[in-house]
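Visitor: Below you will find the structure I want to go over with you.
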Amino acid sequence: MRLLEALAAASDPLTVSEIGTAIGVDQPRASRLVQQSVDMGVVRREADPSDARRTRIVLTDAGAALVRGFHGERRGAVEAALASFTDQERADLARLLTKLAETWPRG
């Protein structure tokens, strides 16, 4: 899923090396994950129009649908978890998560 989410979040198709960097794995592992994803039909390889020696990885329609479904499931789980929170508790949580995000170490 991290591979698919990285592709969905990218403004352009990614190379295998760029996918590895985005999901925090080395190039051989990224290559295996891409091949598994190709075999599953959720991504496809295409030639880079600006450099025919490079291959870019693109989500297929099935891969994009899988990402959308996963995001919907997470959203539903968060909404269910927050259902019993008061308005004040939701505001406190939002404030604390914002503070955490602002102070999170950038790597």
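Visitor: What FRET efficiency comes out for the pair Glu79/Ala10, r = Cβ-Cβ distance, R0 = 25 Å, nearest 0.05?
Guide: Using R0 = 25 Å, I get an efficiency of 0.40.
Visitor: I've got another one for you. I want to check the label-to-label distance for Ser17 and Leu96. Put each point 7 Å from Cα in the C-beta direction and report it in nm to one decimal.
Guide: 4.3
Visitor: What is the dipole size for the chain, taken about its Cα centre, with +1 at each Lys and Arg Cβ and -1 at each Asp and Glu Cβ, in debye to the nearest 20?
Guide: Dipole magnitude for the chain comes out near 240 debye.
Visitor: Of the options Gln88, Leu100, Ala6, report the single residue whose Cα projects farthest towards the positive end of the charge dipole of the chain (beta-carbon charges: Lys, Arg +1; Asp, Glu -1).
Guide: With unit charges placed on the Cβ atoms, the residue in question is Ala6.
Visitor: Given labels modelled 7 Å from the Cα in the Cβ direction, how far is it in nm from His71 to Arg29?
Guide: Taking the simple label geometry, His71 and Arg29 are separated by 2.6 nm.
Visitor: Right, here's the next one. So what's the chain giving for Rg/Rh, alpha carbon basis, Kirkwood Rh from the mean inverse pair distance?
Guide: Taking Rh as the inverse mean 1/r over Cα pairs, Rg/Rh reads 1.11.
Visitor: Can you give me the three principal axis dimensions of the stretch 1-57 from its C-alpha atoms, in Å, biggest first?
Guide: The principal-axis extents, from largest down, are 27, 22, 21 Å.
A short reminder: the numbers here are calculations on the coordinates, not readings from a lab. Values in this document were obtained by computation on a predicted structure and should not be read as measured data. Quick reminder, even Gly has a Cβ in these numbers, built from the backbone with ideal geometry, and neighbours come from all protein chains shown.
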